[in-house]
Amino acid sequence: MKKIGFIDYYLDEWHANKYPAWIEQATNGEMKVTCAYGKKDAENGVDNASWCKNKGIELLDSIEAVVKESDYLIVLSPDHPELHEELAMLALQSGKPTYVDKTFTPDRKTAKLLFETAHQHGTPLFSASALRFAAEYEAANRQGIDRICSIGPGNYDTYSIHQIEPIVSLLGSETERVMFVGSNVSSELLIEFSGGRQAAIHHYTNSTFSLTLNYQSNDSVLLKPESDFFAAFIKNMVQFFQTGKPTIDPKETIAIITIIEYGLKAMQTPFQWVKLPQN
């Protein structure tokens, strides 16, 4: 059995609650979360010691201990990406395959730093939104896309990753500029890619995720992620641990983080293009 260690801000959160059983089920028990570290207890939930006791997972008192005791590492803290540099750095120096939960980092500079650190130490690394692996998105024709219209729930800070990542997986990492075209109520961002291709993301309260693709042929298709994309995501994570080979180009992850970061800047100057860095 291969041992997986969790590194988190606090352990009683949705991803940490779900991943252990999903991983064990996906691998028929060949991989298991055996230890965990939480920087603090959840303010409105179960404390770390109780969480570990309930899950049958050993609570360790440091990130160093988790790194030492594990074959593979998962850095969580999905709602606090500003902590990922602090929580992930030792793992990225370990040489052990490491998954960093969405959103990878709060900015482009930190994203590049984490990938550079992992590369220097020979540590396989990847990060992704589970929505990327929806069967409906993966089966889409990527040739000749002219425009994408994306809709999804939640706020921009936390949930834009779930719209932007599938878009980048379809259009690639050659991003050029962004423009905020929303309001105080409805967050909307226009993203321009190379060749004049564009995508627009819309955050509408209580909406479901969907993508509409319009092709240069003037054909269009509506994609709704109704498949079990979390199962597909866990399968991809397990494959990554087994092979040590990420299935996502780091250029795409950096492009995604760049869009998110500069989208926030674009909100300060609505209806004006904001250029994205290219190196």
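Going by the conditions given, is Ile254 closer than 26 Å to Phe6 by Cβ, in contact with a Lys or Arg (Cβ under 7 Å, 6 or more places away or on another chain), touching a residue at least 40 places away in the same chain (Cβ under 8 Å) and of a type outside the set (Gly, Ala, Ser)?
Answer is yes for this residue.
Show the residue pairs that are 6+ apart or on different chains and have beta-carbon atoms under 9 Å apart, the first residue being within the stretch 196-222 and over 19 Å from Ser169 (Cα atoms), the second being surrounded by fewer than 14 Cβ atoms within 10 Å (Cβ to Cβ) and among the hydrophobic types (A, V, I, L, M, F, W, C).
These pairs meet every condition: Thr205/Val185.
Filter the stretch 244-279 for residues that are out of contact with any strand residue (DSSP E or B) (no Cβ under 8 Å at 6 or more places or on another chain) and of a type in the set (A, V, I, L, M, F, W, C); which is surrounded by the most Cβ atoms within 10 Å (Cβ to Cβ)?
Here the residue is Ile256.
Go through Thr208, Thr243, Thr212, Thr269 for me and flag whichever is among the β-branched types (Val, Ile, Thr) and outside the structural domain of Arg177 (by TED's automatic domain parsing).
Within the list Thr208, Thr243, Thr212, Thr269, the selection yields Thr243.
Filter the stretch 61-83 down to residues that are crowded, with 18+ Cβ neighbours inside 10 Å and within 16 Å of Pro124 (Cα to Cα), then give me how many there are.
6
For the stretch 105-115, check the following and say yes or no: at least one residue is of a type outside the set (Asp, Glu) and over 30 Å from Glu69 (Cβ atoms).
Yes, the stretch 105-115 contains a residue that is of a type outside the set (Asp, Glu) and over 30 Å from Glu69 (Cβ atoms).
Being crowded, with 18+ Cβ neighbours inside 10 Å and touching a helix residue (DSSP H, G or I) at 6+ places or on another chain (Cβ under 7 Å) is the filter here; which residues of the stretch 141-155 pass it?
Passing the criteria: Ile145, Ile148, Ser150, Gly152.
Would you confirm, using the coordinates I've provided, whether Ser127 is over 25 Å from Tyr204 (Cβ atoms) and either within 12 Å of the chain's Cα centre (by Cα) or buried (at least 19 other Cβ atoms within 10 Å of the Cβ) (or both)?
Answer is yes for this residue.
Does Tyr9 satisfy being buried (at least 21 other Cβ atoms within 10 Å of the Cβ) and either in contact (Cβ under 8 Å) with a residue 60 or more places away in the chain or under 20 Å from the mean Cα position of the chain (by Cα) (or both)?
Yes.
Does Tyr99 qualify as being touching a residue at least 40 places away in the same chain (Cβ under 8 Å), buried (at least 22 other Cβ atoms within 10 Å of the Cβ) and over 17 Å from the mean Cα position of the chain (by Cα)?
The answer is no for Tyr99.
I'm checking my understanding of the structure. Among residues of the stretch 206-243 that are over 27 Å from Asn155 (Cβ atoms) and within 18 Å of the chain's Cα centre (by Cα), which one is surrounded by the fewest Cβ atoms within 10 Å (Cβ to Cβ)?
In this case the residue turns out to be Gln239.
The values are calculated or read from the model by the stated rules, or taken from the named source; none is laboratory data. As the structure is a computational prediction, the values presented were derived from the model and not from experiment. Here the Cβ is made from the backbone with ideal geometry for all residues, glycine too, and neighbour counts use every protein chain on show.
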